[in-house]
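Shown next, in structure tokens, is the structure this report addresses.
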Amino acid sequence: MKSKTQLVTAGRKKAWAGSVVNPSVQRASTVLFESVADMRHAIRHRADAVPFYGRRGTSTSFAFADSMVQLEGSAGCYAYPSGTAALANSLLAFLKTGDHLLMVDSVYEPTRDLCAGVLKNIGVETTYYDPLIGGDIARLIKPNTKVIFLESPGSITMEVQDVPAITKVAREKGVITMLDNTWAASYLFNPFEYGVDISIQAATKYIVGHSDVMLGTASATEKYWPRLREHSYQLGQCTSPDDLYLALRGLRTLPARMAQHQLHTEKVVSWVRQQPEVAKLLHPNFASCPGHDAFVRDFEGSNGLFSFIVDPAISKAAIEAMVDHLSLFKLGFSWGGFESLIMFYDGLSRIRSVTKWDDAQIIVRLHIGLEDPDDLIADLESGFSVLRNF
Ligand SMILES: *Cc1c(COP(=O)(O)O)cnc(C)c1O
């Protein structure tokens, strides 16, 4: 079945949904057993979506996890209270004192903070690598390298990684690969088809899709699923059924929303790229984006998120005036919801270790929502005129 079809029916088991379309929100701590034998059965199968105790999940989380497994083709999926919790738990499940981690230099800033904080404190050494390194990553692998962490495209600077080249080397050397796959939502890029061992997402973004829930997921292959699941459970990770219900609702319309985000973005990008103030377009569909070839080869489409580097002749104050002037593009972190957003970044060399970043460059990042693209372009037209005449 195609994923569109799967996402409509996924998780709709009689045991979870009864006779209605959607699995209900099942709030629970205690699960009541019919008999001692029933309890023993639950204890034996507590990791297999059999009701046992609220922390192991309820019908709502079973339905959500089952749907994610169908979307990604993993052996199992664990839900966390945020994307950051999913990243932290995945790394902590597989790294211990004395291990070495290879981390992509374009990684999401809180992941970098985790490496410099919690992971450093427990004696895990991190080496950053160029997102475009491809198979050359082999030369950075040491005897104690345990995990290679990828994020593609980078969520601000948009470098697209050669995932299969990296996972091939990793498999040969017995190193675990983890991918922050938030950009693709596992819909535009299927990590397990490209040899990734653990796929991590901020479901907060496109899966939830409505800017109203914090949620993370991590999915693993057969080999790594039991360890990921049990370590996350030991660390007490569990998620509200209300949040999971909303995430499951989001999943149903993920393909429809993604198609619309892509369509609107294509229209907006074709206007944006013609503006003289745009020095470099960072959208993976275009050759100016580092890793564009890998994107064309591996991805099944694009979404609503892209960036551009502003002409260095434009001052930061002018950019701030433009941002303040816009009315449909709101200023706020995150993305993946139905609404358009703008964010700008300077001084990005602060979050670079091995790749150069010129701090004179200011990046503007847009998330294109479900508003009419003509209205979005009109808003940008008016914003760019502020920029131009500042
Ligand atoms: C937002 C984001 C996260 C973190 O997700 P939260 O749910 O906000 O904790 C992780 N990775 C990427 C790429 C993100 O954009």
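The values are calculated or read from the model by the stated rules, or taken from the named source; none is laboratory data. Nothing here was measured: the structure is a model prediction, and the numbers come from that model. In this analysis, Cβ positions are derived from the backbone assuming ideal geometry, glycine residues included, and neighbour counts consider all displayed protein chains. Each accessible area value is taken on the protein alone, full model and side chains, heavy atoms only, with ligands, DNA and RNA left out. Shrake-Rupley method; radii C 1.70, N 1.55, O 1.52, S 1.80 Å.
Run the accessible area of the chain with a 1.4 Å probe and give the carbon-and-sulfur part as a rounded percent. Write down the numbers at each step before the final one.
Details: 8700 of 16400 Å².
Summing carbon and sulfur atoms, their accessible area is 53 percent of the total for the chain.
Below 8 Å, C-alpha to C-alpha, sequence gap of six or more: please give me the relative contact order for segment 314-390 in percent.
38 percent
By the gyration tensor of its Cα atoms, with a ≥ b ≥ c the square roots of the eigenvalues, what is the shape of segment 346-390: rounded for a/c under 1.5, prolate for a/b over b/c, or oblate?
Cα axes put segment 346-390 in the oblate bin.
Would you be so kind as to identify which of GLN70, VAL50, VAL20 lies farthest towards the positive end of the dipole of segment 1-135, taking Lys and Arg as +1 and Asp and Glu as -1 on Cβ and the Cα centre as origin?
It is VAL20, whose Cα lies furthest towards the positive end.
Provide the percentage of antiparallel DSSP beta bridges, counting only those with both residues in the chain; round to the nearest 5.
Around 55 percent antiparallel, to the nearest 5.
Using R₀ = 22 Å, calculate the FRET efficiency as 1/(1 + (r/R₀)^6) where r is the Cβ-Cβ separation of GLU222 and GLU193; round to 0.05.
Working: r = 15 Å, r/R0 = 0.68.
FRET efficiency, GLU222 to GLU193: 0.90.
Can you give the helix-only mean residue ellipticity at 222 nm for the chain, where every DSSP H stretch with n ≥ 4 adds -39500 (n - 2.57) and the sum goes over all residues, rounded to the nearest 500 deg cm²/dmol?
After summing the helix terms and dividing by residue count, I get -11000 deg cm²/dmol.
Listed here are the pairs LYS2/LYS267; LYS280/LYS356; LYS146/LYS223; LYS96/LYS173; LYS120/LYS316; which of them are more than 23 Å apart at the Cα?
LYS2/LYS267; LYS120/LYS316
Measure nothing fancy, just the Cα-based angle from helix 373-388's long axis to the longest principal axis of the chain, in degrees from 0 to 90, nearest 10.
The two axes meet at around 50 degrees.
Can you list residues from other chains, or at least 5 along the same chain, whose modelled amide H is less than 5 Å from the amide H of ALA279?
Here the answer is ILE309, VAL310, ASP311, since their amide H atoms fall under 5 Å of that of ALA279.
Roughly what angle does helix 316-325 make with the longest principal axis of the chain, taking Cα atoms, 0 to 90 degrees, to the nearest 10?
The angle comes out at about 70 degrees.
With a Förster radius of 45 Å, plug the Cβ-Cβ distance of HIS41 and GLU371 into 1/(1 + (r/R0)^6) and report the FRET value to the nearest 0.05. It would help to have the intermediate numbers written out before the result.
Values: r = 51 Å, r/R0 = 1.14.
The value I calculate is 0.30.
May I ask you to derive the relative contact order of the chain, considering only C-alpha pairs under 8 Å and at least 6 residues apart, and to give it as an integer percent?
About 17 percent, as a whole number.
Keeping every protein chain present and rolling a 1.4 Å probe, give me the accessible area per residue for segment 158-229 in Å².
Details: 2140 Å² over 72 residues.
Ligands and nucleic acids excluded, the figure is 30 Å² per residue.
Mind running the shape call on segment 86-194? Use the C-alpha gyration tensor, a ≥ b ≥ c as the square roots of the eigenvalues: rounded below 1.5 for a/c, prolate if a/b tops b/c, oblate otherwise.
Here segment 86-194 falls in the oblate category.
Quick check: pseudo-label points 7 Å beyond the Cα along Cα→Cβ at GLN275 and LYS142, how many nm apart are they?
Inter-label distance under the simple model: 4.5 nm.
Relative contact order for segment 221-319: what is it in percent, counting Cα pairs under 8 Å that are at least 6 residues apart?
25 percent
7 Å from Cα along Cα→Cβ at both SER29 and ASP293: what's the point-to-point distance in nm?
5.8 nm
Note the angle between two axes, namely the Cα long axis of helix 163-173 and the longest principal axis of the Cα atoms of the chain, as a number of degrees from 0 to 90, rounded to the nearest 10.
50 degrees
I'd like the FRET efficiency for GLU230 and ILE122, computed as 1/(1 + (r/R0)^6) with the beta carbon distance as r and R0 of 22 Å, rounded to 0.05.
Step by step, r from the Cβ atoms, then E = 0.75.
Indicate the gyration tensor shape class of the chain (rounded, prolate or oblate), computed on the Cα atoms with a ≥ b ≥ c the square roots of the eigenvalues: a/c under 1.5 is rounded; otherwise a/b larger than b/c is prolate and the rest oblate.
In terms of gyration-tensor shape, oblate.
Taking a spot 7 Å from the Cα of VAL20 along the direction of its beta carbon, which residues of segment 44-77 have an amide N less than 19 Å from it?
Under cut-off, by backbone N: 58-65.
Give me the mean projected area, in nm² to one decimal, of the convex hull enclosing the Cα positions of segment 310-390.
So the Cα hull casts an average projection of 5.8 nm².
For segment 1-50, what is the accessible area per residue in Å², given a 1.4 Å probe and the full set of protein chains?
75 Å²
Using label points projected 7 Å from each Cα along Cα→Cβ, tell me how many nm separate ARG388 and VAL8, to one decimal.
Placing both labels 7 Å along Cα→Cβ, they lie 4.6 nm apart.
Could you run the Karplus curve 6.51 cos²θ - 1.76 cosθ + 1.60 with θ = phi - 60° over segment 3-8 and give me ³J(HN,Hα) per residue in whole Hz, x for Gly and Pro?
Rounded to whole hertz, the list is 5, 4, 5, 4, 6, 6.
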